[in-house]
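The values are calculated or read from the model by the stated rules, or taken from the named source; none is laboratory data. Because the structure is a prediction, the values reported are computed rather than measured. When we count neighbours, we look across all protein chains shown, and the Cβ atoms used for this are built from the backbone with ideal geometry, even at glycine. Side chains included, ligands, DNA and RNA excluded: accessible areas come from the protein's heavy atoms. Shrake-Rupley method; radii C 1.70, N 1.55, O 1.52, S 1.80 Å.
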Amino acid sequence: MDLSPLQKARYAYTPKLPGMLRHGISEICVQEGSATQSVADQAKIKELFPNTYGKNEITFQKGKNTAPAKKQVVGVILSGGQAPGGHNVVCGLYDALKATNSENVLLGFKNGPSGLIEDDYLTFDDAYIDQFRNTGGFDIIGSGRTKLETEEQFAVAAQVCEKHGITAIVIIGGDDSNTNAAVLAEYFAAHNTGVQVIGCPKTIDGDLKNEDIECSFGFDTATKIYSELIGNIERDANSAKKYWHFIKVMGRSASHVALECALETQPNICLISEEVSAKKMSLSTIADYIADSVEKRAAKGLNFGVAIIPEGVVEFVPEFSMLIAEINELLAGSKAIAFNALATWKEKYEFIEKGLSKEAMAVFAILPEGIQQQLFLERDPHGNVQVSLIESEKLFSALVKDKLAQRKKAGTYTGKFNPLHHFFGYEGRCAFPSNFDADYCYSLGYNAFMLIQYGYNGYLSKVSNLSKPAEEWVAEGMPITKMMNIERRHGEDKPVIKKALVELDGKPFQYFAAHRDQWAVETAYTYPGAIQYFGPAEVCDLTTRTLALEKG
C-alpha cells in the first residue's frame, strides 16, 4: 500500500504523556483521594450500584509501583460514532500493557459491543498496531452502537471473558457507552467474575464533560476541521460578496461544536440551542434575529454573510417540540396506515390539518414544504419523526427569505439575499487527530492500563489540566457513577451519565455573547486554517478556545 508523506510522518510521531506517566511503569504509584457520590439521585444510584458506588478518586504519582504482578488479558471496544484519536487510545493501552509484561495480551472486539457478545475479536501485535498510530478513524477494529444493558448480554459477556481469561475490558465511548460500562462493571463485581471495566471519554459533540472531564477526545480535532472549512467559506463569502452561507454543524443535544467554531471563526450568526431553549425563542423570533443581521449588513452594501446552525437546534424551540409531539401522536398505530394510504401530498396535508391542534398547525404552516414532508415521510421504526434528518440550515434560510420579502414590501430592506447551504459532520469524525488529541488519547489509553493494573473497576480514565502543556497534565481515575443521575427514558427510570450542555453563564458563551452583535454587522472573520502538526507548540499543540476560556 502506498502511503502519503503525511501518513508516514504521523506514524513516526511520538505522543506526549503526562509527566507522572513518563517515569516508567515500575515507578508509578497511586494516591487515593476522597470518596465520591453521584451528581444527583444519590440514594437511587447507590442502590443500583452497591458494589461500585462511592469509591475514591485516584491520582497517579511518581513512586514505587505496588500493584501485584500478574498476566493481564485485556479486551478493548470502540463504541458509538467515530472520533479522531480513538486509535491512539488503543495504542496507548497496548504500549502500557506490553511495557509491563511482554506476555500481556490485548484483544480487540470487532464492530463495537456486539463483538464481545459474539466473541468476534482479533489479537493485537506490534505489526498490526503500528499501522494505526496517530491516525484517524475507528477502522482498527470497527465500532458499533449495540448497547450492553440486559442480564442476558452481561451473562454472555462474562462467559466470553472467562473463555479467554480476560482480566479487564476497556470501553471507549460517549455518555451512553460509559453508562453501559458502569452497569457492566457492577454486574461483573456482583457476580465475582474478577473482570474489571474501565471507560474512556469520547465524543466530538463535547457533551461528555463536567468538573472532572475537561474535554472528551475528538472534540479538538473535529472543531478544528470544521473551523478551517468555515474560515474558507468566510474568505470565499468576503471575496464573492454575494452569498449568505448557512452551515449546519454536528451536535444534536448540545451546541459545544457550534460555539467553538464561532469562537474560532467569528461568523455573523451562530445559534446556540441552549439559549434558544432558555429564552423560549420561536422559529419566527430566530428568523427575525438572522434577518436583522442580513438587513443591517445589506444597508452597508454587504449582501453576504455566514450563519452557523447547530444540528439539533429545532428540538430546543418549544413550539417545534410541541409540533413533533403532536405529529408522533397523530401517526401512532393504525392512523399511520391511513395516512400512508393517501396518494397525494394535498390529501395528506388535509389529513394533517384535521389532526393537529390550531397552535401546532400554525407552526407547521410556516415551514417550507420540503421540511413539512420530511416531518411526515421520514420516520424511525417506531413511527416517530427523525428530527436529526431535518435540514435546519435550509429551514432557517427559507424562513429568513420570507421575513426579508415582507421587509422588502414594507420598504425597510432593499438588499439581495442568495443563500447557500452546507452540513459539516462526517468531514471531522475521522481526520488525523491534532497533536492535542493524539497526545490526550494516547495518555487516556496508557492511563486506562494503570487503572487496570491497580485493580480498579467501574472507573473512567481521566486526564486533567489539559489547557497546560502535556508535561503538566494530571493522570487520574474516577468512578463512573460519580457522573450519573436518573433520567426518564422510554417510560422507565434509567441511570445515565448527565449530558453537559453549553452553560450560558460560562466563560466561552459569555465571550461569544459579548462580541456577537459586532460580528453580526461587521465582517470580522478569522481564518484558523488547517490543523498544524509540525512547528512551534503555540501553533501545533493549541487547545480549543472553549478550554482556554474555561481554564483562563
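Assorted remarks:
- Oblate is the label for the range 366-453, because a/c, from the alpha-carbon gyration tensor with a ≥ b ≥ c as root eigenvalues, is 1.5 or above and a/b does not exceed b/c.
- Virtual spin-label span in nm between Ala341 and Ala190, 7 Å along Cα→Cβ: 4.7
- Computed from Cα atoms, the angle from the helix 435-453 axis to the main principal axis of the chain rounds to 40 degrees.
- Antiparallel DSSP beta bridges within the chain, percent to nearest 5: 40
- In the chain, the calculated helix contribution to ellipticity at 222 nm averages -13000 deg cm²/dmol per residue, counting -39,500 (n - 2.57) for every DSSP H run with n ≥ 4.
- Over 24 Å (Cα to Cα) - which of Lys280/Lys354; Lys279/Lys507; Lys348/Lys403; Lys241/Lys296 fall in this group: Lys280/Lys354; Lys348/Lys403
- Of the options [x] 72, 51, 48; [y] 80, 59, 49; [z] 68, 60, 40, only one is Cα extents along the principal axes in Å as computed from these coordinates, and that is [y].
- ³J(HN,Hα), Karplus 6.51/-1.76/1.60, whole Hz, each residue of the range 244-258, x for Gly, Pro: 9, 9, 9, 10, 8, 10, 4, x, 6, 8, 9, 10, 4, 5, 4
- A straight line joining the Cα centroids of the range 155-169 and the range 297-348 runs 46 Å.
- Between Glu149 and Glu369, residue separation times 0.36 nm minus the direct Cα-Cα distance comes to 75.2 nm.
- Site pair Asp292 and Asp402 shows an inter-label distance of 2.0 nm when each label is modelled 7 Å from Cα along Cα→Cβ.
- Whole-angstrom gap from the range 234-266 to the range 477-552, using each part's C-alpha centre: 15
- Rolled with a 1.4 Å probe across the full set of protein chains, the surface gives Trp345 an accessible area near 50 Å².
- Amide hydrogen neighbours beyond the local backbone of Gly33, cut-off 5 Å, H modeled: Glu57, Ile58, Thr59
- Relative contact order, percent, the range 155-298 [alpha-carbon distance under 8 Å, six or more residues apart]: 16
- Given charges at beta-carbon only (K, R positive; D, E negative), |dipole| of the range 330-426 in Debye: 480
- Under 5 Å between amide hydrogens, built in the peptide plane, is the criterion, and for Gly199 it picks out Ile171, Tyr459, Leu460, Ser461 among residues at least 5 positions away or on other chains.
- Amide H within-cut-off set for Glu487, under 5 Å, with H built and near neighbours excluded: Lys494, Val496
- Within the chain: Cβ-based charge dipole about Cα centre, in debye rounded to nearest 20 (Lys, Arg +1; Asp, Glu -1): 1060
- The accessible surface of the chain, taken with every protein chain in place and a 1.4 Å probe, is 50 percent carbon and sulfur.
- Rounded to 0.05, the FRET efficiency of the Asp505 and Met361 pair, given R0 = 25 Å and the Cβ-Cβ distance, is 0.10.
- Loop-located GluC sites (Glu not before Pro) in the range 367-436, at most 14 other Cβ atoms within 10 Å (DSSP): Glu378
- The chain: relative contact order in percent, alpha carbon pairs under 8 Å with at least 6 residues between: 24
- Violating pairs (Cα-Cα greater than 22 angstrom) within the set Lys468/Lys499; Lys209/Lys462; Lys98/Lys482: Lys468/Lys499; Lys98/Lys482
- Nearest-ten-degree value, helix 318-330 long axis tilted from longest Cα axis of the chain: 80
- Counting only protein heavy atoms and a 1.4 Å probe, the range 327-409 has 54 square angstrom of accessible area per residue.
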